[in-house]
There are 2 protein chains.
Amino acid sequence: MRPVAILGIGQTIIDEQWEKSIRDIAADAVITAMHDAGRESAEGLFVGNMMSGIINGQSALGPLVADWAGLRGGDAAKVEAACASGAAAFRSGLMAVASGELESAIVVGVEKMTDRHPHEVTAALATAADADYEVDMGVSFVGLNALIMRRYMYEYGWKHADFAPFAVNAHANAVHNQYARLRHTITAEEFEKSAMIATPINLLDASPIGDGAAAVYIVPADSLLPGNRILVAASTSATDTIAIHDRKEPLFLAAAYQSSRQAYQQAGVEPADINVFELHDAFTIMSALSLEASGFAEQGKGVQLGLNGEITPAGRIPVCTRGGLKARGHPVGATGVYQLVEVVQQLRGECGETQVPDARIGMAQNIGGSGATILTHILKRE
Amino acid sequence: MRPVAILGIGQTIIDEQWEKSIRDIAADAVITAMHDAGRESAEGLFVGNMMSGIINGQSALGPLVADWAGLRGGDAAKVEAACASGAAAFRSGLMAVASGELESAIVVGVEKMTDRHPHEVTAALATAADADYEVDMGVSFVGLNALIMRRYMYEYGWKHADFAPFAVNAHANAVHNQYARLRHTITAEEFEKSAMIATPINLLDASPIGDGAAAVYIVPADSLLPGNRILVAASTSATDTIAIHDRKEPLFLAAAYQSSRQAYQQAGVEPADINVFELHDAFTIMSALSLEASGFAEQGKGVQLGLNGEITPAGRIPVCTRGGLKARGHPVGATGVYQLVEVVQQLRGECGETQVPDARIGMAQNIGGSGATILTHILKRE
């Protein structure tokens, strides 16, 4: 495999974009990434998306977005891995360029979720769980995460309030991100008092959906001069059972363990070398589990990192520096690419108030389902 | 890119498989392909599927099928390009192995379409068209193909009966394929008398849906001894607008022209060198357009190949030698992989009554939408 670099990035605001079609939103991010890369075209397009067939009545986003963004004719396909669709599409684009098949590619993650009734969106999100053995029993996606969180609190003795720092940090960072959906701070008190959704998950444990797209432009690394290149130092993907009851340990993200360890090995780094970690905080419990499985905390101790103030931009392992899923927003198939774009922004030093000083190595971890597909990417500036 | 070979194949019957879940059907094909390859596992799994989220309430087929087929933990994702999802997944798997990222991969195409009311399936299929500018006007997918066929007949002066050989040949070949859905012959008279669906497309112009899966096991070519290896000599993908009214020439498959020409160049062959051509006969009109754009007939003359008897297993350019979409069946996201499996069977000499003598070079072309995404693959025995 030849090394690959990220040359350009683009993103749209995450919001209710009712005046735009899914093709418009995706093309906005694609064109911005092309401009940022200083290119006018690309040989291939990889679209990360989960639910356009269900929610937007539109399959075949590959040719649709290619046409709308001025890339008609070229190679284009969609990649889906539930909420990890964005990173899965990035990995496909990466292999296309790494193999020598393409000299340039754009990866765009896009989701348009707010046109339909929330009940329909909840049903569409539940397709990320096991249709035959979980959803058929009546459990929703947030319900599954609630079961995990409840068990975690019971098993390790944490109170709900102990999860507050994950949400508070995300909101504090989103204030400074012009693309974020929720640009306001919250307090630990507000976190505790917010409306219950599925015990023990309340409104401020959960990330908001939204319409949005993010894109990256990738090229062979050797086509750029060394110095300030953003290199893809590791790309890994691992799976676990979709159904949580089939796992040996429902409180341990085995696929995060596997993909992070393989990523550290590929990149030749250790957890302590990671300057910034854009993790998948769809719910606060997922932040804790991701930090634990990825080697930043012992099992059952992930919550402590937040309580110790170690997850802020000035902390030991900054997470969600642009707002994370919690406050930047979670347009599901786009999220994995937003994470990568944000890591690039950190490595370029473009993050202003939430900039991690001297960030040189960043990691993004995208989770599909409740841990069924987990991709880890490590980027390095060099 | 390092060359890649197909080491094993597997397929299920195409039928109404109500007693099986989509994961069962996919795993049946995956396990058969592993056995055929003489392997017990694979590093990656690529699933081609169009509509599981819409029809089966199940996204994330990657980890679902990996788990069920005994590949839990490994890399897995779904690739979607409407009816070309199978070939698009194959191309992703190919690049993963060609890049050196994986040493082995299984590509499985799967679709389970018969559990729902035909109206719902028709609506799901229509997501392959342009939701905003075609489907919103009330046109279905068969309706779009009917408009193309009608224009073709008007423009070039063909009668409906002239398309009969495509359907007659497909049915004649399917009789000898144990996995085919419609294993009975039809006559040209029956073709003309069958029920009208969307003028001028009648029942015997159209391919049947179904539940089914097909899989291939791929490895680096240099891991096998030369001689009877099935090499992937070309893999190309091209796109056009989804909406037919946006195309310069609605009767010309520009993406088939582009992807076939690139494929001939990659493989170092000409159309005359192709011994067998598994084309995408979703409707008889598509057979004609595919043959024309791929260089086997002049524009407007594709129908003549059928009338001249050149498309049978003994003809100049045998197509649909195992029944094609028309009679083997068209489980949409699986079709592209069925085509590849059938080309392998021809190159191995396993096709009995419909064997093309001395087949050494075979081509498969998978069409998404009415020509929006077209992938061409050329396989060689050497």
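Nothing in this text is a laboratory measurement; each read-out follows from the coordinates by a stated rule. What you see is a predicted model; the values in this text were computed from it and never measured. Glycine also receives a Cβ, built like all others from the backbone with ideal geometry; neighbour counts cover every protein chain displayed.
Based on alpha-carbon centroids, what's the gap between the stretch B:6-81 and the stretch B:166-224 in Å, whole number please?
22
Apply 1/(1 + (r/R0)^6) to the Cβ-Cβ distance of residue B:39 and residue B:117, taking R0 = 56 Å, and write down the FRET efficiency to the nearest 0.05.
For residue B:39 and residue B:117, the calculated efficiency is 0.90.
Run the Debye formula on the Cα coordinates of the stretch B:5-155, all scatterers equal and no solvent, and tell me log10 I(q)/I(0) at q = 0.15 1/Å.
Values, matching the q order: -0.81.
Which distances, in nm and shortest first, link the residue B:138 label point to the same label point in every other copy, taking 7 Å along Cα→Cβ?
When each copy's label point is compared with this one, the spacings are 4.2 nm.
Give me the distance in nm between label points sitting 7 Å out from Cα along the Cα-to-Cβ direction at residue B:266 and residue A:314, one decimal.
Going by the 7 Å Cα→Cβ label model, 5.4 nm.
How far, in nm to one decimal, is residue A:203 from itself in the other copies if the label point is set 7 angstrom along Cα toward Cβ? Shortest first, please.
So the distances to the same position in the other copies read 5.7 nm.
With θ set to phi - 60° and the Karplus curve 6.51 cos²θ - 1.76 cosθ + 1.60, what are the ³J(HN,Hα) couplings of the stretch B:319-330 in order, to the nearest whole Hz, using x for Gly and Pro?
For the stretch B:319-330, the Karplus-derived couplings read 10, 6, 5, 10, x, x, 4, 4, 10, 5, x, 9 Hz, x marking Gly and Pro.
For chain B, calculate the relative contact order in percent as a whole number, restricting contacts to Cα pairs under 8 Å that are 6 or more residues apart.
Computed over chain B, the figure is 25 percent.
Restricted to Cα positions, what overall size does the stretch B:80-122 have along the principal axes? Three whole-Å values, descending.
The principal-axis extents, from largest down, are 44, 15, 10 Å.
Distance from the Cα centre of the stretch B:103-156 to that of the stretch B:265-340, in angstrom?
The distance from the Cα centre of the stretch B:103-156 to that of the stretch B:265-340 comes to 19 Å.
Mean shadow of the protein assembly as shown, computed from the convex hull of its alpha carbons, in nm²?
Its Cα hull, projected and averaged over all orientations, spans 28.7 nm².
So if we plug the beta-carbon distance of residue A:353 and residue A:15 into 1/(1 + (r/R0)^6) with R0 = 22 Å, what FRET efficiency do we get, rounded to 0.05?
0.55
What are the extents of the Cα atoms of the stretch B:228-382 along their three principal axes, listed from largest to smallest and rounded to whole Å?
So the extents along the principal axes, rounded to whole Å, are 44, 31, 29.
From the Cα trace of the stretch B:213-318, what convex hull volume per residue do you get, rounded to a whole Å³?
145
Find the chain B residue whose Cβ sits closest to the rotation axis that carries B onto A, and give that distance in whole Å.
For the rotation taking chain B to chain A, the closest Cβ gives B:99, 2.
Report the one residue of A:219, B:238, A:286 whose Cα lies farthest in the direction of the positive end of the charge dipole of the protein assembly as shown (charges on C-beta: Lys and Arg +1, Asp and Glu -1; origin at the Cα centre).
It is A:219, whose Cα lies furthest towards the positive end.
With charges set only on the Cβ (+1 for Lys and Arg, -1 for Asp and Glu), what does the dipole of the protein assembly as shown come to about its Cα centre, in debye to the nearest 20?
The dipole magnitude comes to about 660 debye.
For chain B, with only Lys/Arg (+1) and Asp/Glu (-1) charged at the beta-carbon, what is the dipole magnitude about the Cα centre, in debye rounded to 20?
Dipole about the Cα centre, nearest 20: 420 debye.
What net charge do the residues around residue A:11 carry, taking every other residue with its C-beta under 11 Å from that of residue A:11, with Lys and Arg at +1 and Asp and Glu at -1?
Summing Lys and Arg as +1 and Asp and Glu as -1 gives -1.
Any idea how far apart residue A:273 and residue B:307 come out in nm if each label point goes 7 Å out from Cα toward Cβ?
Placing both labels 7 Å beyond Cα along the Cβ direction yields 6.9 nm.
On average, how many beta carbons from a partner chain sit within 10 Å of the beta carbon of a residue in A:242-250?
Average neighbour count from other chains, rounded to a whole number: 2.
Hey, what did the stretch B:25-168 get for relative contact order, percent, Cα under 8 Å, at least 6 apart?
Dividing the mean separation by the residue count of the stretch B:25-168 yields 25 percent.
Which net charge results for the neighbourhood of residue B:181, defined as the other residues with beta-carbon distances under 12 angstrom from its beta-carbon, given Lys and Arg at +1 and Asp and Glu at -1?
Residues close to residue B:181 contribute a combined charge of +1.
Just counting partner chain Cβ atoms within 10 Å, what average do the residues of peptide A:41-52 show around their Cβ?
Rounded to a whole number, the mean comes out at 2.
Go through the stretch A:197-203 residue by residue and turn each phi into a ³J(HN,Hα) via Karplus (6.51, -1.76, 1.60, θ = phi - 60°); whole Hz please, and just put x for glycine and proline.
Karplus values, whole Hz, x for Gly and Pro: 10, 8, 3, x, 7, 10, 4.
Which residue, B:337, B:317, B:299, has the largest displacement toward the positive end of the dipole of the stretch B:244-382 when charges sit on each Cβ (Lys, Arg +1; Asp, Glu -1)?
Working it through, the farthest residue towards the positive pole turns out to be B:337.
What is the sum of charges around residue A:23, taking Lys and Arg as +1, Asp and Glu as -1, for the other residues whose C-beta is under 11 Å from the C-beta of residue A:23?
For residues surrounding residue A:23, the net value is -3.
Please name whichever of B:29, B:17, B:41 sits farthest to the positive end of the charge dipole of the stretch B:1-79, dipole taken about the Cα centre and charges placed at Cβ: Lys and Arg +1, Asp and Glu -1.
Farthest along the dipole direction, towards plus: B:41.
Place a +1 charge on the Cβ of each Lys and Arg in the stretch B:1-111 and a -1 charge on the Cβ of each Asp and Glu, then give the dipole magnitude about the Cα centre in debye, rounded to the nearest 20.
280
Amide H to amide H under 5 Å from residue A:8: which residues, 5+ apart in sequence or cross-chain, H placed 1.01 Å off N in plane?
Here the answer is A:217, since their amide H atoms fall under 5 Å of that of residue A:8.
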